[in-house]
1. Given the residues C:L323, C:L251, C:L268, which is the only one that is within 26 Å of B:M254 (Cα to Cα), crowded, with 21+ Cβ neighbours inside 10 Å and not acidic (D, E)?
2. Testing A:H233 on (1) closer than 22 Å to B:L239 by Cα; (2) buried (at least 24 other Cβ atoms within 10 Å of the Cβ), one condition comes back false. Which one is that?
3. Out of the residues in segment B:17-42 that are in a helix (DSSP H, G or I) and in contact (Cβ under 8 Å) with a residue 24 or more places away in the chain, which is surrounded by the fewest Cβ atoms within 10 Å (Cβ to Cβ)?
4. With the structure loaded, tell me whether D:T327 is more than 30 Å from C:D71 (Cα to Cα), more than 10 Å from chain A (Cβ to nearest Cβ) and either of a type outside the set (D, E, K, R) or in a helix (DSSP H, G or I) (or both) or whether it fails that test.
5. Working only within segment C:137-160, note down all residues that are free of Cβ contacts under 8 Å to residues at least 12 places away in the same chain and more than 7 Å from every other protein chain (Cβ to nearest Cβ).
6. Let me confirm something: among B:T88, B:T97, which residue is more than 14 Å from chain A (Cβ to nearest Cβ) and among the polar types (S, T, N, Q)?
7. Looking only at segment A:145-170, count how many residues are hydroxyl-bearing (S, T, Y), buried (at least 17 other Cβ atoms within 10 Å of the Cβ) and more than 20 Å from A:V75 (Cα to Cα).
Protein chains: 4
Amino acid sequence: MKRWINQIIKKRFNQKRIIKMRKGVMRPGHIQIRVLDMDVALSHYCDLLGLIEVDRDEEGRVYLKCWTEVDKFSVVLRETDEAGMDFTGYKVIDESTLEALENELNQKGYPTTEIPVGELNGCGRRVRFKAPTGHSFELFATKEQPGKWGISPRNPEAWPRGLKGMRPTRFDHCLLYGDDLEGNLSLFIDILGFDLAEQVVDPEGNKAAIFLTCSSKAHDVAFIKHDEKDKFHHASFWLENWQDVLRAADLISMTDTPIDIGPTRHGLTHGQTIYFFDPSGNRNEVFCGGDYHYPDHPTVTWDADELGKAIFYHDRELNERFLTVLT
Amino acid sequence: MKRWINQIIKKRFNQKRIIKMRKGVMRPGHIQIRVLDMDVALSHYCDLLGLIEVDRDEEGRVYLKCWTEVDKFSVVLRETDEAGMDFTGYKVIDESTLEALENELNQKGYPTTEIPVGELNGCGRRVRFKAPTGHSFELFATKEQPGKWGISPRNPEAWPRGLKGMRPTRFDHCLLYGDDLEGNLSLFIDILGFDLAEQVVDPEGNKAAIFLTCSSKAHDVAFIKHDEKDKFHHASFWLENWQDVLRAADLISMTDTPIDIGPTRHGLTHGQTIYFFDPSGNRNEVFCGGDYHYPDHPTVTWDADELGKAIFYHDRELNERFLTVLT
Amino acid sequence: MKRWINQIIKKRFNQKRIIKMRKGVMRPGHIQIRVLDMDVALSHYCDLLGLIEVDRDEEGRVYLKCWTEVDKFSVVLRETDEAGMDFTGYKVIDESTLEALENELNQKGYPTTEIPVGELNGCGRRVRFKAPTGHSFELFATKEQPGKWGISPRNPEAWPRGLKGMRPTRFDHCLLYGDDLEGNLSLFIDILGFDLAEQVVDPEGNKAAIFLTCSSKAHDVAFIKHDEKDKFHHASFWLENWQDVLRAADLISMTDTPIDIGPTRHGLTHGQTIYFFDPSGNRNEVFCGGDYHYPDHPTVTWDADELGKAIFYHDRELNERFLTVLT
Amino acid sequence: MKRWINQIIKKRFNQKRIIKMRKGVMRPGHIQIRVLDMDVALSHYCDLLGLIEVDRDEEGRVYLKCWTEVDKFSVVLRETDEAGMDFTGYKVIDESTLEALENELNQKGYPTTEIPVGELNGCGRRVRFKAPTGHSFELFATKEQPGKWGISPRNPEAWPRGLKGMRPTRFDHCLLYGDDLEGNLSLFIDILGFDLAEQVVDPEGNKAAIFLTCSSKAHDVAFIKHDEKDKFHHASFWLENWQDVLRAADLISMTDTPIDIGPTRHGLTHGQTIYFFDPSGNRNEVFCGGDYHYPDHPTVTWDADELGKAIFYHDRELNERFLTVLT
């Protein structure tokens, strides 16, 4: 065999990067966010952000979705006295995959809890576990699938009329702050079949940030190193283009919504973005564009001393708020 | 178990749609296009379309790539006296996946030919086979991976300076015309693990067009029903946004390049697009945007009597040229 | 004086182009369009095109405006049994300018009719006259000025929430077909103080199209040579950007509105555009971008044998419909 | 006459706003900027900002222009040991207008200096005077007019190939800081025929900022109240769209150019913008979009306590740097 082929293969093993097939985790399926006042929250999430209310349950939780999502819901709001994220759930390809992953989690030291069918309206059984950073994750295989909002599955129009606010197309990912990034890396790569698409490393080789994907998106979940466990940085929603990021920025201003930063671009993933806060203090992102990732792509690495540019590509410096305001 | 869950599962089986894990085919990896005059072709593909020349071989073939592609090349031009596509190749996740698919192809009636390592510069062994529509496809697992063009893998900038022409980011897919769409459907879904993302069906239920994906892209290959076998409709390249589609249209006009249609939007996939011809008469597309697909998404169906809108969403009628000019 | 200065001055006079100060005509102020069915027309002009209804009068006419316009209205719809344009009016700087222009028109062979204050709700007296091409034009100096729609004049937001349809920002110009272009040229340049921004000329030097401006816009009115007098080609409205042209195209398709052509770019003025028809058969344009013109700018000239590219820059050929369907 | 017409007229006089015809000042024609090192400056202004070098003179000054400008140059760089603006010049409609304005300036207390033909290469005689804020302004009527760069005046393409950097289309305006805003207001409105398009006023009615126009642009010059005389805040260049603002932001980052703020939108004028610094510390702006102004439009007013939002519409707070870093 030609030498360059041997070199390619050798290089891969030296990197300890073995390309693997995915293990059946498809995408971020939902996130449950705690809000302090439901009416105020709904005004934010529906009128401004533009999510669509699809259901409420007996506990008072409200179910929301974005218009391109075929499943019933992607965001659940729960009213309580402390903001933050309760959990986020990933949809796997079928019930047998769910079982297999459940078994593997239990075997490898991640005890799971079963949340029964219907505990969330229209959602099948969920398998919940804690990541090493303290965050609660779920896997599920079944959810009611009413299809895209306002669009026929037959001869579908380009987009539905009647969208509100920022008109996000989907719940894209969440970014979480926590301590044990190496632990999460092992969980997400070895058990759940994610890839490490991007990372920030310090001079000692410690990871300051990891961006993980189970698709060709630049990130399906991301973690940033932080002393405390189980902190929520933001939930992120996808916009169609940079013009819509401007429109989002304008709406943020018109509604006197607290802005964090943007419109700008990230260095990491190169997405075009804006950050703002919901009335409970939870951070939201809407963004568009950015890089794609396949399993054979090398991990993109940013050096910690370029962290400013990695996070905010244009300003090339961090604002204190982005690093410290968490829920 | 709750009734709606049973209904979801029942509905799936009634549709004869069983969600399966992908089988390790990652993405369109290359296409070899026949051109009548290499110098003239290069002026088109490099200066106008904006591909980057990366190599030439002893046979006189020229290797091109788009800037975001980490592999060595994605387009190979071969000078000969008849335009068209020689073959298109898909990258699989590793050599053992390649072997497994090779075996399965042979067992299921698709005899394969092995193309040795290095027959294309920098490419590992390829497994070639004919689809029922007569088109030549290849699978391969290994290709030199110099990384994105003009971009460091460490602290990467947003895009490289010095791009030319339309600045496409990647070879996205090809659209092929042929007779036996049902045969191709079986090949691509059952053996290669693709999904049927979109289709056009006539009143009798015959498929007039099938759009297949092995990722979350709306199509990684597409076929349109046609009496002849092995016809090439177009190779398609990804642009970043609708503004770049306008820029491409302007460049087409400035260079007196024959246009087919655009800027416009497709109904199928809802991509935003423009079509034009290379100097040999091969059709090219550059496009952006459009829908995404996950394995659990229902197939999007267009009725054949809406074919005009399915193909050209704004004009809602086909131009004769689009249907009949093939290479 | 240096030689190049003499050359500049000489060149100007050779061109018979004397740069003159404007004569107080500011902008297109309104257009009265005939429609066959008012309810159907309002659905088109308000829900699809996105004009805002501001008033109705005893004759049943309906008054519309775009959101950035400070004056009360810019479009008047009149129901009758034949489509077309009744007249279009230009706002001049004040009542004394109106009087001066009225006198000059009468002296130079353009007899005027006075339309009294209030004949159009909220509009001062209008001076009406026929152009050599048979079209009815008006000048006026006073119109109620309620300000931009939905926007405070103090600390104004970027745009109002609640806009519908294509969200045009202003009535921009109309394009008219008629026979005596030289006559109109003399009227608009010598009396009304417009500039000839762009033109199409045939090999004999006859003008096939003239684009005239009283501002720095590429055209405030345009005429195309045609055998009949007094034909209406289209009324045009301004969009903010190319993304909005796509959005307009999508809306045209979603509402099954007859399209003429687009999205595309013009060669003349280089605007980015789409054309469609109202339910009475009147053509509408929405567009963005394009060139600007100052009084010292040379006239841009297109040769008649490049007319296809002049009109449709990307296709480089005319569609028959664009040339022949008039109201 | 109807009552509302009387009210309109009365209201105008109460506002002490008398709509007047322009006095023949057309546009910002040039700005002379002082730079500390010419080679470094040219790398910034040509390679990054994308101006085109068109000439140099015996004094070592370098002449630049943007591609849509028909006149020979719009920016002159002069190497010296202190950054800042030497002067900015406005083009008037012809030499007799220049003479008339020269006479009026002298009569009304603005002594003028004549700069002879050719002192700037290709420029006719200039009439220079000091504004009450201490800034040097010029009027001129004649400049060589080679036409748009890279574009034929006959059958012109949409844009020239070969543009570099941010590809600005024109020098748009400058913003200056100084003490006597009321003096400048009188000079620009009463003598030069500008309109006050926008203003910031404090609770006592004092003007904190004035945006003046001699066209339908939102500003052809702007002044902000400041204790010192003759300070230069920025020179601004026009981009085609918001996508180009992102591209400019990316280029700023890639070239490690100091950024001030952006991409963002202004409240004043609603333009979409980014600010950065040349290597000498002079601030540059590139922007697109925003409002338009006609002579009969009321002045848009921002309250000083909304200054943050007036300047940076999204952040709604000023950065110290924007207010204090001047040259």
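1. C:L268
2. A:H233 satisfies all of (1) closer than 22 Å to B:L239 by Cα; (2) buried (at least 24 other Cβ atoms within 10 Å of the Cβ) except (1).
3. Applying the filter and picking the extreme gives B:V40.
4. On the way: more than 30 Å from C:D71 (Cα to Cα): yes; more than 10 Å from chain A (Cβ to nearest Cβ): yes; either of a type outside the set (D, E, K, R) or in a helix (DSSP H, G or I) (or both): yes.
Yes: the conditions hold for D:T327.
5. Within segment C:137-160, just C:S152 meets the criteria.
6. Numbers: B:T97 fails: more than 14 Å from chain A (Cβ to nearest Cβ).
Residue meeting the stated conditions: B:T88.
7. Step one: list which residues in segment A:145-170 are hydroxyl-bearing (S, T, Y), which gives A:152, A:169.
Retained after the next criterion (residues that are buried (at least 17 other Cβ atoms within 10 Å of the Cβ)): A:169.
Filter once more, keeping what is more than 20 Å from A:V75 (Cα to Cα): none.
Of the residues in segment A:145-170, 0 are hydroxyl-bearing (S, T, Y), buried (at least 17 other Cβ atoms within 10 Å of the Cβ) and more than 20 Å from A:V75 (Cα to Cα).
Rundown of residues vs (1) basic (K, R); (2) over 21 Å from D:S186 (Cα atoms); (3) touching a helix residue (DSSP H, G or I) at 6+ places or on another chain (Cβ under 9 Å), yes/no style:
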{"position": "D:E69", "(1), (2), (3)": "no, yes, no"}
{"position": "D:G84", "(1), (2), (3)": "no, yes, no"}
{"position": "D:G89", "(1), (2), (3)": "no, no, no"}
{"position": "D:V92", "(1), (2), (3)": "no, no, yes"}
{"position": "D:K108", "(1), (2), (3)": "yes, no, yes"}
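The values are calculated or read from the model by the stated rules, or taken from the named source; none is laboratory data. All of these numbers come straight from a predicted model, not from anything done at the bench. With ideal geometry, Cβ positions are generated from the backbone for all residues, glycine too; neighbour counts draw on all protein chains shown.
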